[in-house]
Amino acid sequence: MNPWTGREYAIVKEYAHLGRHALAAALGRSPASVAVFASRHGISLRVDGSKKGKRMRKGLDPREKKAVEANRLCPECARRPVEDRKSGLCHPCYQTRLADAHRDFLEREEAEKNLQSARQEKHRARS
Ligand SMILES: [Zn+2]
């Protein structure tokens, strides 16, 4: 069983009104697993115009399919559209990642300094 991605969550949420069958077709999952996933996340999958759960449509029409595919959300948070083309992320996620990279750099520098001073201490202790 493939784990669900944030992007899929966003798609299920946004297109919940199309129902589990259409979502299953769009995501390549079974209608049952879409239904379980949706209920677990409190998403109601009532198809517009359906009566007593009778399904009205089998899948997405080409226009809807395009909308799902074009729905390019930030893969990190799946909440905002991709705003930074280079990283393929939204701005907040991009900035968070950048901040992490800076912190990582500082940590590496700190570790390097630490090593150097330890080496010097050892050298001094020997001489
Ligand atoms: Zn994001």
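Taken together, the values in this text are just the output of simple stated rules run on the coordinates, not laboratory data. Quantities reported herein were computed from a predicted structural model and do not represent experimental measurements. Cβ coordinates were reconstructed from backbone atoms using ideal geometry, including for glycine residues, and neighbour counts include every protein chain displayed.
A straight chain from GLU14 to LEU98 at 0.36 nm per residue would run longer than the Cα-Cα distance by 27.4 nm. Rounded to the nearest 20, the size of the Cβ-charge dipole of segment 75-127 about its Cα centre is 220 debye, with Lys and Arg at +1 and Asp and Glu at -1. In this structure the amide hydrogen of ILE43, modeled in the peptide plane, comes within under 5 Å of no amide hydrogen from residues 5 or more places off or on another chain.
Over the C-alpha trace of segment 75-127, radius of gyration and Dmax come out as 19.3, 61 angstrom. Residue-wise HN-Hα couplings along segment 93-102, as the Karplus relation 6.51 cos²θ - 1.76 cosθ + 1.60 with θ = phi - 60° gives them from phi, are 5, 4, 5, 4, 5, 5, 4, 4, 5, 5 Hz; Gly and Pro carry x. Maximal additional length on extending the HIS41-GLU121 stretch stands at 23.1 nm, based on 0.36 nm per residue less the C-alpha distance. For ARG72 and ALA111, the FRET efficiency from 1/(1 + (r/R0)^6), where r spans their Cβ atoms and R0 equals 41 Å, is about 0.60. Peptides 102-114, 74-86, 23-35, ordered by how many other C-beta atoms sit within 10 Å of their residues on average, highest first, read 23-35, 74-86, 102-114.
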